[in-house]
Amino acid sequence: MIPDNDQPLPNDPAAGGKPRVTRRSFLRAGIGTASGLAALAAALVPLKDFDTSDLTLGKFLQRHYKELGPAEMDQVLQRIAREVEQRYGVRPELRDLKPKDGVEFVYALHLGRCIGCRKCVHACVQENNLSRLPEMQYIRVLEMPRGSVDVERANHNYDRPQVPDPEHYYMPVQCHQCANPPCVKVCPIEATWQEPDGVTVIDYDWCIGCRYCEAACPYWARRFNFTKPRFTHDANGAVIMNPNMNYLSNRPRKEGVMEKCHFCLQRTRAGRMPACLEVCPVGARKFGNILDPESEVSQILKTKHVFVLKQELGTIPRFFYYFDQEYPRTAGCLPNEGYGDAFPESDGSGDQGRSGSALQGAPA
Amino acid sequence: MGPSARGSPESRLSRRWPSALVGPGFLVLAAWFLYGPETVLVPAGEPIAVDSRLLSIAPRRETLGDPPSIEVEGVRRTCVECHALFEPSVETPKRLLMHAHVRLDHGINDRCRNCHHLQERDKLVLHDGNVIPFRESQLLCAKCHGPTFRDWERGAHGRSNGYWDRSRGQLVRLKCSQCHDPHTPRIPAMDPLVPMPGPRDPRADRGVSTAPHPGAQHPVFRLGGTDSGGSPERMEK
Amino acid sequence: MTAYARFLWRCFRISFVGDWRYYAWMLVLTAVSLLGLNAYCKQLVHGLITTGLTDQVSWGSYIANFTFLVGMAAAAVMLVIPVYIYRYTDLHHLVILGELLAVSAIVMCLLFVNVDLGRPDRFLHIFLRFNFPISMLTWDVIALGGYLILNLHICGYLIYCDYRGVEPTKAFYIPFVFIAIVWALSIHTVTAFLYVGLGGRPFWNSAIIAPRFLASAFAAGPAFIILTLQIIERYAQYHIEEAALRLLQNIVTIALTISLFLLGCELFTEFYTDSAHVASTRYLYFGMHGHVRLVPWIWTAVAMNTAALVMLYTPFQRRRWVMNLACVLLFIGIWIEKGMGLIIPGFIPSPLGEIVEYTPTINEVLVCLGIWAFGLLLYTVFVRITVPVLTGRLQVHRPYQPLPGPGELGAAVPAPGGGGHP
């Protein structure tokens, strides 16, 4: 409202005249402005619950993983370890394991064996400190009908009293660590990239949560933290968390960032098997170094009929499926089921019906 | 910006009254922000826990060991202690007095002596009559299940726990009988762990939003006993 | 420099000058913007769980609106092409209004992208490690940022020159105008390429997406401009030539024809081939396994667009109300088609065949409305400044000349010479 002598106000009645500011107009404008600002302040009130613990200067200035030298990485690891201890009460053993030369990881899964028990899903949740509420699971087991590899026909939410179901087979899907990954292509800030040992990793402190990688993944392997992850507590109220942590793999994540299966880097880069493999009750999962010709996975790729999902997309997955047998059968069905009358129920009566000729239906 | 003595009353009115609404309007808005209804639903309730006993990586079965022994009336006894006392039956009896838990359902095998040596009861016998100890039982399986044995040796069949990198640790290949009951080798069916509503709908407190499948809502938390293959073999008296 | 600062100050002051209808409009827009801001604050606190997004449908109404608004921004160029390339110099002054719409639309786009981010506090990362040229998002960042700066410069320069009453130097704006024409086409093409390049999403992995984007943008954008020009004509008393509106109407008609033709091409390819790729299209138009949430929306959009096209081809298109109705219909129809008809079905079914439907939450809708309101607020303010400058009522060294009429609040004093109001 202060007049500007050589630039009359827009509402000046006449050129060069004095502006007319009355009490009423001043009050009206004042009340209008004040109430507008009050409304603005009230609109911003929810921010009082905003968790600022993640907005430290150190975090803000932290550089991309690939730019962190050993000393800086040490500092970062210590800071993260302190934070984890403060926030969750768990003292982590946090490391940054580097890939070993001459190692490229490959996963193979025997589809003839998987019974769909989902122990791998939950072992992964436990090992990798996944959020329990909302529950996040890297692995999704598909119940597939016989005769089809079309995932459109999969059932994700099967809940039978007993698995496996004779009419279905089970196909667990997790990140395939593709050699030509679409997710790495689309990330605008290189928050996800592929490491020399074949694992596609995410720098959780760099990701901005745009979810372009989630849209790009053809296997629905990537997950987003829609809110702060929550964990379970034991009887004493302490957080249950796997303390063996790695920077690029299973340290606790925050809201707003992406995550996915990373082949349990905290284990595999230390030479161990991933958690999903170790828990599988039927030994359907195989893992190892493809560059070692004596490894299990090398043998499988050489001798078994392997295939990959959506091969036509050119992603070159490092996750192979193979069958070598017919569908698993359920327990509790009749003995010798499937052989028809060739082998009647044993009655201890000797060799009758046991010769090879019985198979052709000839009488003993 | 003051009222003008000039101009009609209508125009004065039409000038003034809307501006009087600005203030109260914003204050009503402010009140709405501070005291209005909550528009946001976030997940509530307890995080889901899965009994970690269900996720044990121990082998599914405990084997008999070598020399094999079982508990009889509270005392550990080796095979020969009993079997030296009586003649073995050539044929398989219809009902076993001891080892009653054994249910033989192994394909075309219908006799104990297909695998167990008739005289040396703490040994196993191959098809050519060769005797092998219990700790080499995989050779016995191999005599019929050749391709599977070949796969097992390569690591394509069965579970390997431990280290893939043998320069840093041991790769433990589980043996046949650590997963398969030699008398009923088919792996029993299990109760699957159910996926949470979580992955389909992060707002878990609203329950399952789009799952059309019945029975998908019960909690995951289970105690032991639902996993029919989980407990190690027990001998019954 | 101080003269420019004074100009900006006068612009600021004049945005508070207006009659009761202006104040009512601005009050509503401000209130809705604040509602959106409040909803966004809640989203900042709790995370994107306040939206209806899931891991299966990870992009929703924010990105849908973003996509639509990039089209609107690109369509501002539609006014530029006839004027600068075909030399319809009578429409010269309308170019500024179109480009101001582009600026508002781009600001809305940037806001929509920002509210969609999980970690907006890490926005600096995009400058520190830029995955250009591999990631299409980086192209989009450059395209949108550059387009914003380009249009701000052109409009700002032209308006400031007009305000000062000097002839603008051709070298300071003509080259930029031509760059803006090409750039406008590229921003929408780049946005289309964000979706097209994803092999894992067969619904999007089609070359026709980019032409469809452009065609629908060039129908919806000019339609919106037609409507707003008539509003400006009425309430700012700024004369718009009939020829301008009819030219825009022709552009709309042609663009809508192409858009519907391309839609037909897409539908034929999907449904005739009937392969697994058709799953998303089948879900969108007919529902799948009992999930039918989007079906009424898309058929409404198709009906609206077809009705608008029919209207624009009949002899009745000469009438203003028919033209306006057609514009409203096709604007809404294209908004549905680009948003719900493109973004959401790309995620349904998921790459593993799962069907999880998407409904925006109240909070999400409030944020969207808030951003739209803010964009309209910006555009209103821009028009509020520009029209007086273009009609000579706001010039340097002269006081602001209010409009004759019932009287503008804030400028309620009548012109010298007393007397009442006409």
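Numbers below:
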| item | result |
| --- | --- |
| Accessible-area composition of the range A:194-236, carbon plus sulfur, in percent [1.4 Å probe] | 49 percent |
| Residue mean of other protein chain beta carbons inside 10 Å, A:228-240 | 2 |
| Kirkwood-based shape ratio for chain C, expressed as Rg/Rh from alpha carbons | 0.98 |
| The range A:52-91, Cα convex hull volume normalised per residue, Å³ | 67 Å³ |
| Calculated FRET value between C:W321 and C:H239, using beta carbons and R₀ = 25 Å, to 0.05 | 0.80 |
| Helix-derived mean residue ellipticity, 222 nm - over the protein assembly as shown, DSSP H n ≥ 4, -39500 (n - 2.57), to 500 | -13000 deg cm²/dmol |
| A:D234-C:R87 pseudo-label distance in nm [points 7 Å out on the Cα-to-Cβ vector] | 8.6 nm |
| Angle in degrees between helix C:170-196 and the longest Cα principal axis of chain C, rounded to the nearest 10 | 20 degrees |
| Net length gained if the chain between C:A303 and C:I179 were fully extended (0.36 nm per residue, minus Cα distance) | 41.0 nm |
| Sorted largest first, extent of the range A:40-108 alpha carbons per principal axis (Å) | 59, 28, 26 |
| Distant-in-sequence amide H partners of A:C175 (H built 1.01 Å from N, under 5 Å) | A:C261 |
| Total accessible surface hidden between A and B, rounded to 100 Å², 1.4 Å probe | 6900 Å² |
| Cβ-based net charge around B:Q138, under 15 Å, with every Lys or Arg adding one and every Asp or Glu removing one | +4 |
| C-alpha long axis of helix C:242-273 to longest principal axis of chain C, angle in ° | 10 degrees |
| The range A:105-326 - charge dipole about Cα centre, Lys and Arg +1 at Cβ, Asp and Glu -1, debye rounded to 20 | 300 debye |
| Shielding of C:54-67 by partner chains, average beta-carbon count, 10 Å | 4 |
| Contour excess over end-to-end distance, with Cα ends at A:F307 and A:E67 and 0.36 nm allotted per residue | 82.7 nm |
| Estimated FRET transfer efficiency when R0 is 35 angstrom, pair A:L44-A:R23 (beta carbons, to 0.05) | 0.65 |
| Chain C, accessible area per residue, ligands and nucleic acids excluded (1.4 Å, Å²) | 38 Å² |
| Heavy-atom accessible surface that C and A bury in contact, both chains counted, 1.4 Å, Å² to 100 | 5900 Å² |
| Separation of alpha-carbon centers, the range C:160-222 and the range C:256-280, rounded to whole Å | 24 Å |
| Label-to-label distance, nm, for residues given as C:E266 and C:V328 (7 Å Cα→Cβ offset) | 2.6 nm |
| Sites A:S53 and C:C161, calculated FRET efficiency, Cβ-Cβ separation with R0 35 Å, nearest 0.05 | 0.10 |
| Per-residue average of Cβ from other chains inside 10 Å of A:147-154 | 3 |
| Distribution of pairwise C-alpha distances over the protein assembly as shown, 20 Å bins, in % | 11, 35, 29, 16, 7, 3, 0 |
| Projected label distance in nm at A:R82 and C:A5, using a 7 Å step from Cα toward the beta-carbon | 4.3 nm |
| Residues along the range C:20-43 losing 10 Å² or more of accessible surface when the other protein chains are present rather than the chain by itself (probe 1.4 Å) | C:W20, C:Y23, C:L27, C:T30, C:A31, C:L34, C:L35, C:L37, C:N38, C:C41, C:K42 |
| Rh (Kirkwood; distinct C-alpha pairs) - the range A:105-326, Å | 18.1 Å |
| Extension gain (nm, one decimal) between A:D101 and A:T33, 0.36 nm per residue minus Cα-Cα | 17.9 nm |
| Local electrostatic count, B:H116, Cβ distance below 11 Å [Lys/Arg +1, Asp/Glu -1] | +2 |
| In degrees, nearest ten, helix C:92-116 long axis to first principal axis of chain C (Cα) | 50 degrees |
| With every protein chain in place, the range A:52-91: carbon and sulfur % of accessible area (1.4 Å) | 55 percent |
| Principal axes of the range A:84-164: Cα extent on each, largest first, Å | 49, 39, 21 |
| Sites matching trypsin sites (Lys or Arg not before Pro) across the range C:11-107 that sit in DSSP coil, with at most 12 neighbouring C-beta atoms within 10 Å | C:R87 |
| Sulfur and carbon atoms: percent of accessible area, chain C [1.4 Å] | 72 percent |
| Backbone HN-Hα couplings from phi across the range A:137-147 [Karplus 6.51/-1.76/1.60, Hz, Gly and Pro as x] | 9, 6, 9, 10, 9, 9, 8, 10, x, 4, x |
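The values are calculated or read from the model by the stated rules, or taken from the named source; none is laboratory data. Predicted model, so just to flag it, every value in this text is computed and none were measured. Neighbour counts are summed over all protein chains in view; Cβ atoms, including those assigned to glycine, are modelled from backbone coordinates with ideal geometry. In case anyone asks, the SASA skips ligands and DNA or RNA and just uses the protein heavy atoms, side chains included. Shrake-Rupley method; radii C 1.70, N 1.55, O 1.52, S 1.80 Å.
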